[in-house]
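The values are calculated or read from the model by the stated rules, or taken from the named source; none is laboratory data. Quick caveat, the model's predicted, so the values are computed rather than measured. Please note: Cβ atoms are built from the backbone with ideal geometry, for glycine as well, and neighbour counts cover all protein chains shown.
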Amino acid sequence: MKASIHDTLTPYGTQSNIPVSNFAQLAIDESRTAFSSIESIIQTFRSISLMLESTFTSVYSSFRAVTDVLDHFTRIRHEISTIYPFVLIWKFLKYIYYRLLRLLHLRQTTSEETWTTIYNNLQQNTRNINEQTTGSSSLLVALFFIISLGTPMLMLKFISS
C-alpha cells in the first residue's frame, strides 16, 4: 500500500503513529481519481474566470484612459478660455501704447519694424495661396482630428445619456 501525507498527519498537522484503517485507505485511494477530475474541472473554470477578469480589467482600463483624456481636454479648454482674454487685452494695450507713441511722435517706426511688417504680410499672402491649393490635405487632417478627438467625446455622450 502507498503511504500518503494524510496517513501520518493528525488534523492539527503533527505526525502520529496511529495506523490508518484499511477501509479509510481504500476509500482515499479509490476517490483520488474522482477528486482529481473534479479539481481539473475547477481549475478550468478558474482559468476561464481569470481570463475574463483580465479582459474586463484591460477593457475598463482602456475606457478609463479615454475618459481621462476627454477630461484633460475639457480642463485644457477651460484653462485656455480663461487665459485667452488676458492675452487679447495685453496685445490690445500694447498696440494702443505703441500707437500713442507714434501719434505723439515719441517713437518713430524703425526700418526693422517696417521690414517685419512687410515680411509678415508676404507670409500671410503665401499662406493664403497655399491654403487654396492644398484643400484636400487639410480636409484629411481635419478628418483625423475629428475621429481622434470626437470618439472620446461621443463615448462620453453615449454613456451620460
Checklist entry - Quick one: would you say D68 is closer than 22 Å to L154 by Cα, part of a helix (DSSP H, G or I) and among the charged types (D, E, K, R)? => result yes
Checklist entry - Could we say that Q108 is at pLDDT below 85 and either in a helix (DSSP H, G or I) or in contact with a Lys or Arg (Cβ under 9 Å, 6 or more places away or on another chain) (or both) here? => result yes
Checklist entry - Of the residues S62, S54, S81, which is small (G, A, S) and modelled with pLDDT under 90? => result S81
